[in-house]
1. Look through the stretch 119-134, keep the residues that are without any contact (Cβ under 8 Å) to a residue 60 or more places away in the chain and either touching a strand residue (DSSP E or B) at 6+ places or on another chain (Cβ under 8 Å) or surrounded by 14 or more Cβ atoms within 10 Å (Cβ to Cβ) (or both), and return whichever of them is nearest to residue 46 (Cα to Cα).
2. For the stretch 100-118, give me each residue that is within 20 Å of residue 78 (Cβ to Cβ) and over 18 Å from the mean Cα position of the chain (by Cα).
3. Do we find a residue being assigned to a helix (DSSP H, G or I), at pLDDT 95 or above and over 22 Å from residue 133 (Cα atoms) anywhere in the stretch 13-35?
4. Determine, yes or no, whether residue 167 is closer than 25 Å to residue 107 by Cβ and under 10 Å from the mean Cα position of the chain (by Cα).
5. Among 180, 162, which is modelled with pLDDT of 95 or more and surrounded by fewer than 19 Cβ atoms within 10 Å (Cβ to Cβ)?
6. Give the number of residues within the stretch 61-73 that are in contact with a helix residue (DSSP H, G or I) (Cβ under 9 Å, 6 or more places away or on another chain) and either loosely packed, with under 15 Cβ neighbours inside 10 Å or under 12 Å from residue 98 (Cα atoms) (or both).
7. Residues that are surrounded by fewer than 15 Cβ atoms within 10 Å (Cβ to Cβ), at pLDDT 95 or above, assigned to a loop (DSSP other than H, G, I, E, B) and touching a strand residue (DSSP E or B) at 6+ places or on another chain (Cβ under 8 Å): does the stretch 101-118 have at least one?
């Protein structure tokens, strides 16, 4: 019984630590759906500055990513994320990946390494943006990789949550919440599912 109680305490501690890691990063109240999306200026893998204002009047998808995360790996290696990116871009949507992994974490990758990996994975985003200090991730309240935010043409957050409803990666059919939000905005309709629980690995903030 003593061994069982010890294991229970360890399991509880690990669960609590994981939960804290996933939710501790945003130390400010993140914007809600309907709020103005936080402005940002971030460098892409090529070292060029990109701002949210650059895409004024366009629908923008922000995808938090980290190639060291098994869930991110699954979405790319299975072709699901690149397919969603291509479909969105074909509809005139700006799709930006954001990497908030801090440089001291083992998952951190230099821009050149990231470019090589995501090219191999056939990524079709417009750019991947480096947020090594986590300022932008914290401003949005990004919790996981992946974590998706869809911003409407007026600059307001229209969707916040998971990329889809397939948390286990085993569904033969899945709902892509990001694309559903994009389609609703393009049709001038309300986003039916505007918030969901994101799933994946915790964002590796400092």
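1. Filtering first and then ranking leaves 126.
2. 116
3. no
4. Values: closer than 25 Å to residue 107 by Cβ: yes; under 10 Å from the mean Cα position of the chain (by Cα): no.
Criteria not met by residue 167.
5. 180
6. So the answer is 7.
7. Looking for residues that are surrounded by fewer than 15 Cβ atoms within 10 Å (Cβ to Cβ), at pLDDT 95 or above, assigned to a loop (DSSP other than H, G, I, E, B) and touching a strand residue (DSSP E or B) at 6+ places or on another chain (Cβ under 8 Å), one finds none in the stretch 101-118, hence no.
The values are calculated or read from the model by the stated rules, or taken from the named source; none is laboratory data. All figures in this text were calculated on a predicted structure; none of them were measured in a lab. Neighbour counts run over all protein chains shown; Cβ positions are idealised from the backbone, glycine included.
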